[in-house]
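The values are calculated or read from the model by the stated rules, or taken from the named source; none is laboratory data. Computed from a predicted model, the values in this text were never measured in an experiment. All Cβ positions, even for glycine, are placed from backbone atoms using ideal geometry, and neighbour counts span all protein chains on display.
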Amino acid sequence: MFQSKVSPSPTRSSIKEANDHLQLLHVKVAELERTVQEQAEALIKKDEAMQTRIRDVGDAKDARIAELEAQLTVAEERIRKQEELLRDRDMQLELLSHRYALVEEVAAYTPVVEKLLAAMRRLPAKTTSRQAPRSRANSRGNLTASAPRKNSTPGTPNHDGGNSVLVDGHALSELRIGRSFSINSNFSASEDEGDVVGAML
């Protein structure tokens with residue numbers, strides 16, 4: 001009633017085909033493993049290259065930051081020196097402005113001083129020329145005979161107190177003459193000359 005089915009035994013050709021198929025699978029697996037290994041090595045190398053590049057970029061960034069900080073320090077120092085120089089220049093300018101004001105104030109009296117010098121240069125010569133005949137007359141004992149007094153020229157001092165030298169609208173008698181007066185090393189009034197001028201005034 002029942003019939004048993006028995007699988008036929010593998011033939012030589014089927015065994016060969018199976019072996020060839022396994023061999024191909026083995027070769028394929030080996031190729032895949034080699035490809036995976038190569039890709040893994042490539043990824044490792046690429047990762048190392050990226051890490052090296054990142055380190056280089058970081059080092060370059062740090063170096064640039066340090067350079068900029070150094071430049072900033074130098075610029076701040078230069079600004080500080082320029083500010084100090086500017087303050088010194090302002091002080092010098094203020095001092096020069098003050099001196100300029102003093103020079104202008106002194107220069108305003110230049111005409112008065114020049115007129116005073118011109119008058120003082122004329123005084124000693126005229127005083128000496130007028131006192132010489134008087135001293136000679138006194139030495140001879142001739143007290144009664146005196147030469148007629150010449151008229152004083154306008155604007156020159158005399159013993160009578162008539163005309164006085166006007167300097168910028170002020171009489172010479174109103175100006176004070178010191179014991180020693182020297183300007184520009186061209187004129188020097190000695191103590192005796194000051195006494196003579198004082199006696200005339």
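Identify, from the list Q82, Q71, Q131, the residue that is modelled with pLDDT under 95 and surrounded by 10 or more Cβ atoms within 10 Å (Cβ to Cβ). Sole residue among the options that is modelled with pLDDT under 95 and surrounded by 10 or more Cβ atoms within 10 Å (Cβ to Cβ): Q131. Filtered by the rule that a residue be among the charged types (D, E, K, R) and more than 20 Å from the chain's Cα centre (by Cα), the stretch 62-90 gives D62, R64, E67, E69.
For the stretch 100-117, enumerate the residues that are in a helix (DSSP H, G or I) and either of a type in the set (A, V, I, L, M) or exposed (fewer than 10 other Cβ atoms within 10 Å of the Cβ) (or both).
A101, L102, V103, E104, E105, V106, A107, T110, V112, V113, L116, L117
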